[in-house]
1. How would segment B:355-479 be classified by its alpha-carbon gyration tensor: rounded, prolate or oblate, with rounded meaning a/c under 1.5 and the a/b versus b/c comparison settling the rest?
2. Over segment A:8-47, calculate the relative contact order: mean separation of alpha carbon pairs under 8 Å at least 6 apart, over the residue count, as a percent.
3. Take B:His557, B:His61 and order them by how many other Cβ atoms sit within 10 Å, fewest up front.
4. So, in nm, how far is label B:Asp326 from label B:Asp364 when the simple model puts each one 7 Å beyond its Cα toward the Cβ?
5. With an 8 Å cut-off on Cα pairs and a minimum separation of 6 or more residues, tell me the relative contact order of segment A:56-172 in percent.
6. Mind ordering B:67-75, B:411-419, B:297-305 by average Cβ neighbours within 10 Å, highest first?
7. According to a simple spin-label model (label point 7 Å from Cα along Cα-to-Cβ), what is the distance in nm between B:Leu10 and A:Leu159?
8. Which distance in Å, rounded to a whole number, links the C-alpha centroids of segment A:48-110 and segment B:307-322?
Amino acid sequence: MDLIDVHEIRVARTRDDIVLGESVRPLGGGTWLFSEPQPPEHTGFVDLTALGWTPIETTADHLVVSATCTIRELTDFALDPEWPAQRLFRQCAESLLMSFKIWNLATVGGNVATALPAGAMTSLLAGLGARAVIWGAEGRERGILVSDLVTGVRAIDLLLDEVIRSFEIPLTSLRSRTAFRRISLSNLGRSAAVVIGRVDATGECVITVTAATPRPVQLRFDSVPEAGELSDALSGYSDWYSDPHGAPDWRRAVSMRFAEEIRAELSAGTDSSTDTDSSTGTDTHTGSDA
Amino acid sequence: MKFEVNGEELDATVLPGQVLRTVLRENERYEVKKGCDAGDCGACSVLVDDQPVHSCIYPAHRLEGKHVTTVAGLGSPEHPHPMQQRFSDAAGLQCGFCTAGMVVTASTFTDEQIADGTDLPRLLKGNLCRCTGYRAIRDAIYGVTNTEVAPAGDSAGRSTKAPAGMRVVTGREQYTLDFTTPTKTLHLAVLKSPHSHARITSIDTTAAEAMEGVHVVFTHRDSPATLFSTGRHENRTDDPDDTLVLDPVLRFRGQRVAAVVADTVRQAELALAAVVVEYEVLPAVFDPALAREPGAPLVHGEKGPESRISDPSRNVVAQMHGETGDVDAALAASAATVEGTWQTQRITHAALETHATRGWIDDDGRLVLRTSTQVPFLVRDEICHIFGLPTDRVRVFAARVGGGFGGKQELLTEDLVTMAVLRTGRSVQYEFTREDEFTIAPPRHPMRVGVKVGATAGGILTALAVDELMDTGAYGNHGIGVMFHSVHESISVYRAPNKRVDAESVYTNNLPSGAFRGYGLGQVIFAVESALDELARKLDIDPFELRRRNVVVPGDHMTVVDPNEESDLLFGSYGLDQCLDLVQNALAGPPPADSGSLIGATPVPTGDQWAFGTGMAMAMIATMPPRGHFADTTVALNADGTYTIGVGTAEFGNGTTTVHGQLTATVLGTTPDRIVIEQSDTDVARYDTGAFGSAGVVVAGKALYAAAQKLKIAMIARAQAIVTGVGDPAQDPGVPVSTDLGLVDVALTPEGVLMPAGAWGPGRVVSAAELLAHGELRADGSHDGTPRSVAFNVHGFSVAVDRNTGEVRILRSVQAADAGTVLNPEQLRGQVEGGTAQAIGTALYEEMMLDGAGQVTTTAFRNYRTPKFSDLPVTEVLFAATHDDLGPLGAKSMSEAPYNPVAPALANAVRDAIGVRPHELPMSRDRLWRLLQA
């Protein structure tokens, strides 16, 4: 929709062009910003998509995904057989409410910055233990885990002059075994619960719950936990999200069930990336994704 | 900024914050539709550099040098894109408002994706269709042809194409706002009440009026003093006069406070913030049960009897209390009884075209309103009533309307546009946003329905009682009619010696409810059919059999609570018995190839968590609204041998236009493509009550059929006079023919009237031009909507329910419809599928949520769950073989009806699966999961 309070959209070409403040906000793909009325005090935008940031590059220890990488570019990135966890890219992209047409424009950074509980890129990057690189004014730069960056519903730990530059996904995470479950109130609807499990080479097991909670909830275990240990850890959590996409008691129940299924799947020790049934991201519970 | 659209360079002004859709429509690319303005519905889909995008969220400042392709750029009616041809051949559209986006999106699918098909749910999750239920869209993408070309004189009963189909799929068909007014159009925006109940104590428009581009700001001080109702009916007194164009008292959050008219939408919206208003906040009531208790805040307490509100001192706009026999005594003596209370939710119509009007003054100085309406004549008459205008000074018409479902049987935008046009003398437009559709357009009435039912051990009903409470919201539009209709066919379809109805329609400070497909019946049928299902279980009688033992049959009086009530409702035909058999047999047999999932065989889920069940429910509906429904139509012969019909009823995907063409062509021995249809315009027909109550075929269609018959007789008489010399060729065609030569071989053909050989010489064809040389040939036909017949629908489901998550998976969906003679099988199938789809949405997914204080919290499609391709099954559609004595060629109406039995059938199947009775809609996954925890 037209944003009637916007007077200026500046297209940034270099880092120096990224000048933000209370009234001037960053613009990624625009697929969310232009989909809802925005606060009238946001009268200007700085378009980040012409900065020429390389969408995805590999360093010695990380896969670096730029904030302006589109969902399309992420899902088109060639599958590396050494990275079983890469299948989460597709599973999380498919978890977006929006269609493949939106993938052509929507950016990974924009999805995280919007900070919706059902933000599937937040699910993905939190689940993989990714660190966000944040750029501030005057060349400042800092890092923060994505699971800490999103602090609540539409709330994010960014200063007014800061933007997300990129996400660093540890290659050790991509080499992990993973399991994935999601559900929504309609088959391909907005996620009500997304649970991602990951076991890396050291045996560390991380369970990440998103969509069912206002911000990512992460449980860490030195090894794949026993059922009781997992359910004790999760049942201590009480802030289950309530919105038109699911009642909190149901979200809690399905999240706990999914966590247990994931625990069982990961403790079975099979490399699920070779398991055709689950690599589609669907099983009897998430058949809703099929 | 320069970019290309469909191969032509466009040099357009792009404002900061504008989206591509706006820029395209500002440059007359009207084929790009505005459905949700939020990236949810896909109606605005276009290609940018060959990539499909939603143009309503594509920032226009990025357009420089881009290549944009719209649906009109893909192909033309003469040279359609293959996907456009497929949508036309498959009848893959109804209202067609989503079609542009569907076609553009589907045009990007690869042959492999189409051949495989399993990816279609994902590929189409960004394209909503409210009309079809997606089966016909799937067929289109697959390249299935569902339509046929009819021979001359033989189109009724065949699946001919919608006349506008090819124009729709190529983006050429105009909807309400798809045109350029000769003079620049002003735009109107509305300041909405932030309070659920308040009085405006002061309002200052000075600052707003001084803003750039602003022409006028209206407040309650400018409003006509005439009370009216936004709900429209044949008799204006059917609805309460409780509404003003602008009222100093605000009774729901979102009600109009002021209206700004400015050069652009942006200027009008920006000026709203500059209107300074002070309010006295009044106590409000949001629960209809509390609203009728003593001491509750009164919503229209000051209104007198002239407003026709049943009891303003109790917030009751309408009530009905009646009993035949002694229900309580009968229940006490019954072998089995069931008692329960069922609750339904608010549903938005989700017509993809929002409410909108553009008005102007024509060359004759008349006010013209082009509006998205189901009822142009009723709008005209009420606008004249409100503003004190003579009817010949106002023209109201609708172009093709992008979906209705009852939502456009309301006057929601036309009054403000009238006010603005009369004040400014300019062309003025007021277009609802999607948020407006959710927050201020009247949704389906939420109802609480208590049912008590009893039976003998043999399953013969002894008593049936309904206690209904409906929340009509802050205004009573349709709040009376819906209530009386809701307890009619839902109850009168069953024979029971003892019946009782207590129904009340109650004002609250929630948004007003309104007319919705089924007009109240569906809510009560959900409760009654659920109760009967439970009764069948108690008695251990098959639910189909229980119905057979208790439904009305021809000869029975259709009793609500008065067994002696006089009525014009008759059994013009009866197919309920067939419908029950058809569904029962279908469910008992193996599923046909195309059933269950839309994308191939439905896998029956495995695992302990899955519970399986089947369920059925039925519905009766009158074939037209009560208390008069009128249509005046004309058919005229043109010199080229085509015919022009004039009919007042509107086309919004209901398909009546197709049937009107078929009926006329059948009588006149021609083909439907030779029928030129002028419709939904107060200038082209003398009168039409409008397209509601499924009246398009049985009222306007019957009137047209009569007009065509008259014209046929007149044409033959004239041809006889020309050829034989007997009779006067110039005789007025409106006068009955006095000279009947008794010719049996005379026939109408597309070329003219075929006269057989005789004493006058060899046989020959008398052409249209020859006939018209003696004067125009034009006939009229009318119908008054009485007597009325009844139609029936029976639905059956088999389902699997995941006990762990509450997910319902539909394995079979079967509906049998008794529509009398089927005039267009593919279209009728589409109506049944579309009604079923909307009802599955109601049953499982859709829910307008309020915060308990009058604020709607679901304000966009993304928060609402209108069914997508991925949410719906194939519905197997079966037709009873009946012929109605009252309808044209034996046909009955079938637009609202298919919706009504679906939710209870699904609830009964879920009950069968999980052993717990759902009492509340929607049966969302979280609700069903919770039922299973108890």
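1. Here segment B:355-479 falls in the prolate category.
2. Dividing the mean separation by the residue count of segment A:8-47 yields 61 percent.
3. Listing B:His557, B:His61 from fewest to most nearby Cβ atoms yields B:His557, B:His61.
4. 6.6 nm
5. 31 percent
6. Top to bottom by mean Cβ count within 10 Å: B:411-419, B:67-75, B:297-305.
7. The answer from the label model is 4.2 nm.
8. 60 Å
Computed from the coordinates by the stated procedures, all read-outs in this text should not be read as laboratory data. Since the model is a prediction, treat every value here as computed from it, not as a measurement. Note that we place each Cβ from the backbone using ideal geometry, even for glycine, and neighbour counts take in every protein chain shown.
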